[in-house]
Amino acid sequence: PPPPPPPPPPLFFSTHTTANSMLRSLVGSEMCIRDRKGRVSIPSQFRSILFQDGSHKMFCYPSLDAEAIDAGGNRLSREIYALMDNLDPYSDEKDYLSTALFGLSEELRIDSDGRVILSDALIQHAQISDEVIFVGLGQKFQIWEPNRFSNYLQDAQKKVKEQRLLLSKKSKGC
């Protein structure tokens with residue numbers, strides 16, 4: 001078996017100013033264990049941002065493009081609804097996206113100790129066993145099986161390096 005992934009860096013937060021408010025972003029990563037009852041503790045930093053957003057449930061769904069679980073709070077669900085509002089109400093595009101996002105979405109209750117129970121469908125999609133890693137992505141976070149995340153991170157870093165020239169040209173307006 002491959003060696004275990006390196007420990008994740010500590011969580012840290014970024015604050016983004018918008019016209020309406022100061023929003024803390026979900027960034028960093030943290031490893032967690034599923035207990036024998038299947039509960040996972042949401043990292044306290046992520047949980048505090050969810051509560052600040054008025055979320056006492058975790059909105060989540062199988063990631064559309066990775067073997068991970070996409071998750072967040074009210075801000076994430078508002079962004080998805082805003083995306084849907086910009087699509088033609090009777091288009092195939094809206095139907096497909098609505099089905100993929102809302103049809104498989106779940107709202108998981110956060111218990112008094114900051115834990116959630118991931119459904120069997122979510123666990124199967126992300127191929128999670130006893131350990132998970134929470135990874136902040138700004139407005140949302142993902143929940144991964146640690147070795148899968150390690151592989152994904154290596155691929156992502158490689159692709160970013162390959163696209164570095166493209167990214168620098170875009171930022172310069174070329």
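The values are calculated or read from the model by the stated rules, or taken from the named source; none is laboratory data. What you are looking at is a predicted structure, and each value in this text was computed from that prediction instead of being measured. Virtual Cβ from ideal backbone geometry, glycine too; neighbours counted across all protein chains shown. To get the accessible areas, we keep the full protein, side chains included, count just its heavy atoms, and leave off ligands, DNA and RNA. Shrake-Rupley method; radii C 1.70, N 1.55, O 1.52, S 1.80 Å.
For the criterion of being modelled with pLDDT under 90, more than 17 Å from ASP53 (Cβ to Cβ) and surrounded by fewer than 18 Cβ atoms within 10 Å (Cβ to Cβ), GLN163 passes. Kindly indicate whether SER41 is surrounded by 17 or more Cβ atoms within 10 Å (Cβ to Cβ), hydroxyl-bearing (Ser, Thr, Tyr), closer than 19 Å to GLN139 by Cα and touching a residue at least 60 places away in the same chain (Cβ under 8 Å). In short, no. For the range 108-155, a tally of residues being closer than 22 Å to ILE33 by Cβ and in a helix (DSSP H, G or I) returns 15.
Flag: SER105 matches the condition of being within 20 Å of ALA66 (Cα to Cα) and not β-branched (Val, Ile, Thr).
Conditions (1) basic (Lys, Arg); (2) under 25 Å from ASP155 (Cα atoms); (3) open to solvent by less than 20 Å² (accessible area, probe 1.4 Å), marked per residue:
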position	(1), (2), (3)
ARG34	yes, no, no
THR99	no, no, no
ASP120	no, no, no
ILE123	no, yes, no
VAL135	no, yes, yes
GLY138	no, yes, yes
GLU145	no, yes, no
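Taken over the range 11-35, the criterion of being among the charged types (D, E, K, R) and either in a strand (DSSP E or B) or at pLDDT below 90 (or both) is satisfied by ARG24, GLU30, ARG34.
Considering the conditions (1) within 16 Å of LEU50 (Cβ to Cβ); (2) without any contact (Cβ under 8 Å) to a residue 40 or more places away in the chain, SER119 is excluded by exactly one of them, (1).
Okay, residues lined up against (1) of a type in the set (Ser, Thr, Tyr); (2) open to solvent by 90 Å² or more (accessible area, probe 1.4 Å); (3) assigned to a helix (DSSP H, G or I); (4) free of Cβ contacts under 8 Å to residues at least 12 places away in the same chain:
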| residue | (1), (2), (3), (4) |
| --- | --- |
| MET58 | no, no, no, no |
| ARG78 | no, yes, yes, yes |
| LEU87 | no, no, no, yes |
| GLN157 | no, yes, yes, yes |
